[in-house]
Each structure stands twice: as C-alpha cells, then as structure tokens.
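The values are calculated or read from the model by the stated rules, or taken from the named source; none is laboratory data. Remember, it's a predicted structure, so these values are computed and weren't measured experimentally. Every residue, glycine among them, receives a Cβ derived from its backbone with ideal geometry; neighbour counts consider all protein chains shown.
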Amino acid sequence: MQKRVYLSPPDLSGNEFRYIQEALESNWIAPFGPQLDSFTELLQTQTGTSFAVPVNSGTSAIHLALLALHIQEGDLVFCPTFTFAASIFPVLYQRATPVFIDSESHSWNMDPVLLEQAILDSIENKQKPKAIILVHIYGFPAMLDQIQAIAAKYHLYLIEDAAEALGSSYKNKALGSFGHAGALSFNGNKLVTGGTGGAVITNDEELFNEVRVLANQAKEEKPYYEHLQVGYNYRMCNLNAAVACAQLEQLGQKINKKKQIRAWYAIHLSGAANIKQADAGIDNAWLTCVEFASAESPEKVRLALEEENIESRNVWNPMHRQPVFKDCTAYLNGVSDAVFANSLCLPSGTQLIEKDIIHITDIIKRSL
C-alpha cells in the first residue's frame, strides 16, 4: 500500500525546530517568552490589526470575544449554519441563543438577506439580538459590505471567525480585521499551525485588555493574586508559539503552493463536466473543494480514494442538521444542504506535487 496521503497535513519546512530548540535552551516553556512575543508581533503585522492575543485554540478565541463583548443568557447570536460546531459552542458556553443563517451560493457563507430577516423577526418578537458570528468558510470572504452594514444598522457586534482564513483578504484588508474582534485558529490542519492554538485580533484597545485579562485567569496586575471576575486558562504556550512563528514566516509561500495545487486540480479535472471547483474571492486556497452534479458522487469518490490510501473529507455538515442544536431556530434556503450533499474536500497538503494531483484526479474520474 502506498504511503497515506492526508487531507491537510502540517508542513514543517521552516524554522520550527530551531525556534523550539531556542525556547527549550532558554527555559521558556510556559505561556510567556520571546517566541510568543515574536509571534504576537508577526500576527499583528500579518492581519493589519493593532492588537493580538494568542490563546490555546480558535474555540477559546471565539469564547473570549463573546465574553469581552458581554454576551450573556437571553442574547441572540446570529451564526452561519454551514460551519464547524466549534464556531457555535462558545455561544452555548455563555448561555446565549444561536440563530442559524443559511448560505449564499457564491461563497457558501452567511446569506445577508436571510440574516436581516432573522434580525427583523427577533426585534418583532421582542427578543435581544446582540451579535453576529461571521465565518469565512474554507477561507472564502463572506459578503462583508452587506453584513457590516446590517451589523451597524441594528447595532450588533460583529465577530469574525477567520479560523480557516488566515492570509485571505477582502479589498486588500485581512479577513478577521473587519469586525469588533476576529478569531484565528492554529490547529494542526491549518495553513499556519502551532500544533494547536488560536488568537483574538482586534483594533479595539478596551476589548484587547479585557481579552488579555480573561485569558490569564483574570489575574489583576498586582504583586499578589487578586481576581475581580471569573477567568480562564486560555493562554498559548511559548513552545506552540515557537512552531507557529516559524509557520507564519512562510505564510506567503504556503498560500502560493496551495493555489498551485488548486490550479492543478482545475487543469486535471477540466474534462469532467459534472464537477465544479469552489473558488470565491481572494482566499488562501486552504482546501480545494469540489461540488458534484449528483449527491451520490462524493461518497463514491471518497471511497475510491480511500481504497488508494488517500484521505478526502465531506464538507461541513450544517448546524441545523446536528442533534445538539435541534432546538435552535434556523433560517434556511437549501444552499447549505445542497453543498453538504454534493461536495467533497480533496487533499491539499503543500507537499503534494503535480504527479500526485494527476493520480488523485484519475481516481476521481474513474469512480464517476
């Protein structure tokens, strides 16, 4: 059997080992240290934001943003249905209520028309609309102009979940930097990984200070331990930051390779009329996703690839289909259900070469 081809494995071809060695030799293994400081500065530069707080996961980053914006029980938070559950769980941590919004067909992100309808209905029902969590799914920019305007019109906080979108932009501005706060992820399958990790980015100094305190057990800056509120152990370890720092240095190269991989797929699937490649806006090409004409095709292709020891994966199963969210309100138009039924994520690791893509696409075409 040939060596396993993974969907999106980490690429440790930069200064990762050197920076970890430097951290170990200098005894900086706690949630403080020079590698963490360097990573924070690089992150601010990359995203064009004034402040960044590295934390232990993207989920923690969303939770901290909700905490800092004082989202609480009874508040409504409008979220996309087409996302990973980690985008939504922090809303439940706060005992707030998620309201799911279906996708528009161009980018698979939140539909602004349905969003505004949901907000108007909540106002009419005398509920408390408070915030929007806007996910840039697979790194594709959402319809930011419309959604920012809606957030401003109804005085709602805008939190961007850019966990999959580091390196993506809209109008030459980094995704994650448009809202009151942005959440990033450095999970093992992301373009930039620390093994694990996340970050809150913002241009709001007050929010930054609140997030920084909350992530560090809400310890006051005094010579003794004092806590005025409940805090959380959400800090990033310096060793994770050492890896992530080396990764972030190579972000441009990684994106270029991902785009090359996407282009190879486009070339070698061009003869298949029943396959459409997802491509929306100036994105980071994190994963190549394809949409088939038939709902039977994704599983046929997935199994055919698996027989050759090649990993592929279904796109996100919409939140309104998940048992854990069965009691939540959802505004649906059928787009996310259709995308889930007809689409598949293909191997997109930066170690792949064109020969690998030819092999993968040959299997895909034979299986259909």
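For the reader, a short list of remarks on this structure follows.
- Restricted to the stretch 262-314, and to residues there that are touching a helix residue (DSSP H, G or I) at 6+ places or on another chain (Cβ under 8 Å) and among the acidic types (Asp, Glu), the residue that is modelled with the lowest pLDDT is Asp279.
- Condition check for Val290: surrounded by 17 or more Cβ atoms within 10 Å (Cβ to Cβ) and closer than 19 Å to His359 by Cα: yes
- For the stretch 22-60, residues that are within 16 Å of Gly195 (Cα to Cα), assigned to a helix (DSSP H, G or I) and not hydroxyl-bearing (Ser, Thr, Tyr) total 5.
- Qualifying positions in the stretch 92-118 - among the small types (Gly, Ala, Ser) and closer than 19 Å to Lys128 by Cα: Ala96, Ala118
- Some residue of the stretch 324-339 being under 19 Å from the mean Cα position of the chain (by Cα) and not assigned by TED's automatic domain parsing to the domain that holds Ser103: yes
- Test result for Gly231, small (Gly, Ala, Ser) and assigned by TED's automatic domain parsing to the domain that holds Ile358: no
- Test result for Gln127, at pLDDT 95 or above, closer than 14 Å to Asn109 by Cα and polar (S, T, N, Q): no
- Residue match in the stretch 97-111 (condition: under 19 Å from the mean Cα position of the chain (by Cα), on the phi > 0 side of the Ramachandran plot and not β-branched (Val, Ile, Thr)): yes
- When the stretch 254-291 is filtered for residues that are within 16 Å of Arg313 (Cα to Cα) and polar (S, T, N, Q), the ones remaining, listed by number, are Gln277, Thr288.
- Pairing residues of the stretch 231-249 that are closer than 17 Å to Leu64 by Cβ with residues that are charged (D, E, K, R) and surrounded by fewer than 24 Cβ atoms within 10 Å (Cβ to Cβ), at Cβ distances under 7 Å and at least 6 apart in sequence or on separate chains, gives Gly231/Lys219.
- Qualifying residues in the stretch 41-56 (those that are among the polar types (S, T, N, Q) and in contact (Cβ under 8 Å) with a residue 60 or more places away in the chain) - the one nearest to Glu206 (Cα to Cα): Ser50
- Any hit, the stretch 108-117, residues being closer than 24 Å to Glu249 by Cβ and modelled with pLDDT of 95 or more: no
- Odd one out for Asn317, checked against (1) of a type in the set (S, T, N, Q); (2) modelled with pLDDT of 95 or more; (3) more than 21 Å from the chain's Cα centre (by Cα): (3)
- Looking only at the stretch 317-346, and only at residues there that are within 12 Å of Pro80 (Cα to Cα) and either aliphatic (A, V, I, L, M) or in contact with a Ser or Thr (Cβ under 6 Å, 6 or more places away or on another chain) (or both), the one that is surrounded by the most Cβ atoms within 10 Å (Cβ to Cβ): Ser336
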